[in-house]
C-alpha cells in the first residue's frame, strides 16, 4: 500500500519539477543571449526616431532623473526630446516630443517636432497619426497653439479619428508644460549649485 | 509513409484547426488585420507547435498521467517565451505589431489541443507531420482572412512593403470596418458559412 502511494504521489511531483528545471535552464540561456540584442533594438529605435527629427544631430545624451534626451551638434545643444505616452483609442500611444533649445532662456516654448514611436490605433483611421501630414503640423509651433482647430489651436484633427488626434494633442500640451517646468527647476538647481 | 502524409493532410483540410475545429480563434480574429501579421503569427505558431509536439511525443511514455497537462503547459510556455524574446531581439518591428498575441500563444488551444489529443499518444514522426499540417492549416485560414480584411479595409494589398495590387475606387474610399474587430467576426462568419454551404467543409 505504502509503495503504491509513493509511486502515485511522488513520481509526478519529481517529474514536473524536473521539467520545470529544464525550462528554467532554457529560459535563462535564451534571456542571456537575447538581453543585449533587445536593449540594442530599443536604443536603435529611439536613435532612429531622434535622427528623423533632428536630421543634423551627431550625438545625444540621456538624463535619467529628468528622463530627457539632449541633442548635440558639434557639442552645442540643439534641442531636447522626451518620451510621452498618450492614451489613445486602442491603447497607449508612445511619442517622442522634441523641443527647441530656447526655452531655458525665453518664456516661449517652441515644439521642434513630434514623432509617434508606437501605437495600437485603428488601421486606416487613428493609425494616420503616424503620417507626416499629421506629425508635421507640430513642427516649429508655439506650445500655446498646440490644440485642435475647433478648440482654437493650429492642429487639424484627422477626420474620423478625433479621439486619437486629441489624445496626442492633449498629451503633447500637458507633458511639455510639465516637463519644461521640471527641467527649468532642475537647471536652476544645477546652476545654483555651480555658484 | 502513407500514415504520415495522412497526418499532414488531416490538419490542412479535413480537420483544419480554425475552419473546422474552431480552435485558436482569438489570435485569428485579432492579428488578421494584415498579411504581414498573418505570416509572422503563422511562423511563431508553427515553431511552437512543432517543437511542443516533438517534446511531448518524446516524453509521452514517461509522463505521469496525473500531471500531463501542467507538463504540457510548462513546455509550451517555455517555447513561447523563447519565441517572444527572440522576436523582440531580432525582429523588433514584427514583435511590436503582433504585441500581446505572441505571449498569448501559450493559451492558444491548437497547441495544447494537439499536445493532448495527438502528440501524447503518437510516435514522434507522426507528431511532427501533425504539427506541420495543423500549423499550415492555421496559416492558411489566417492568411485568407487577412487577405479579405486588408483588401477591403485598406483598398490595396501591401505585403512586406511591396504593393501587390490596388483596388480601383476602393483605395480612395476603403471600408475600415473590415480592419476593426467587428470586421474580423463578419469575415470569419461569412467565410465559414460560405465554406459549409458550398460543401467544401463538412460540419460535425
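The values are calculated or read from the model by the stated rules, or taken from the named source; none is laboratory data. Since the model is a prediction, treat every value here as computed from it, not as a measurement. Counting neighbours? That spans all protein chains shown, and the Cβs are built from the backbone with ideal geometry, glycine included.
Pull up region A:1-46, narrow it to residues that are more than 7 Å from chain B (Cβ to nearest Cβ) and either in contact (Cβ under 8 Å) with a residue 24 or more places away in the chain or not in a helix (DSSP H, G or I) (or both), then point me to the one that is nearest to residue B:85 (Cα to Cα).
Here is the first cut: in region A:1-46, the ones more than 7 Å from chain B (Cβ to nearest Cβ) are A:1-10, A:13-14, A:17-18, A:21-22, A:24-25, A:28-29, A:32-33, A:35-36, A:39-40, A:42-44, A:46.
Subsequent filtering for residues that are either in contact (Cβ under 8 Å) with a residue 24 or more places away in the chain or not in a helix (DSSP H, G or I) (or both) retains A:1, A:46.
Numbers: A:1: 47, A:46: 19 Å.
In this case the residue turns out to be A:46.
For region B:79-128, filtering for residues that are more than 14 Å from every other protein chain (Cβ to nearest Cβ) and either crowded, with 23+ Cβ neighbours inside 10 Å or within 20 Å of residue A:40 (Cβ to Cβ) (or both) leaves 7. Test residue A:101 against the stated conditions and say whether it is at pLDDT below 85 and either over 29 Å from residue A:42 (Cα atoms) or exposed (fewer than 14 other Cβ atoms within 10 Å of the Cβ) (or both). No; evaluated as a whole, the condition is false for this residue.
Of B:155, B:199, all but one fail to be at positive phi, within 14 Å of another protein chain (Cβ to nearest Cβ) and at pLDDT below 85; the exception is B:155. Scanning region B:155-172 for residues that are closer than 16 Å to residue B:187 by Cβ and touching a residue at least 40 places away in the same chain (Cβ under 8 Å) gives a single hit, B:157. Within region B:59-78, the residues that satisfy the criterion of being more than 12 Å from residue B:120 (Cα to Cα), surrounded by fewer than 19 Cβ atoms within 10 Å (Cβ to Cβ) and more than 7 Å from every other protein chain (Cβ to nearest Cβ) are B:73, B:77. Considering the conditions (1) surrounded by 14 or more Cβ atoms within 10 Å (Cβ to Cβ); (2) within 30 Å of residue B:100 (Cα to Cα); (3) within 14 Å of the chain's Cα centre (by Cα), residue A:80 is excluded by exactly one of them, (2).
Here's the yes/no breakdown for (1) at pLDDT below 85; (2) farther than 21 Å from residue B:18 by Cβ; (3) within 12 Å of chain A (Cβ to nearest Cβ):
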{"site": "B:165", "(1), (2), (3)": "yes, yes, no"}
{"site": "B:173", "(1), (2), (3)": "yes, yes, yes"}
{"site": "B:176", "(1), (2), (3)": "yes, yes, yes"}
{"site": "B:182", "(1), (2), (3)": "no, no, yes"}
{"site": "B:190", "(1), (2), (3)": "no, no, no"}
{"site": "B:194", "(1), (2), (3)": "no, no, no"}
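Just checking: which of the helices (runs of 4 or more DSSP H) contained wholly in region B:1-106 hold 1 or more residues that are under 21 Å from residue B:126 (Cβ atoms) and either more than 18 Å from the chain's Cα centre (by Cα) or without any contact (Cβ under 8 Å) to a residue 60 or more places away in the chain (or both)? Step through it out loud before you land on a result.
Values: elements: B:2-9, B:25-31, B:35-58, B:68-90, B:92-98.
In region B:1-106, the matching helices (runs of 4 or more DSSP H) lie at B:2-9, B:35-58, B:68-90.
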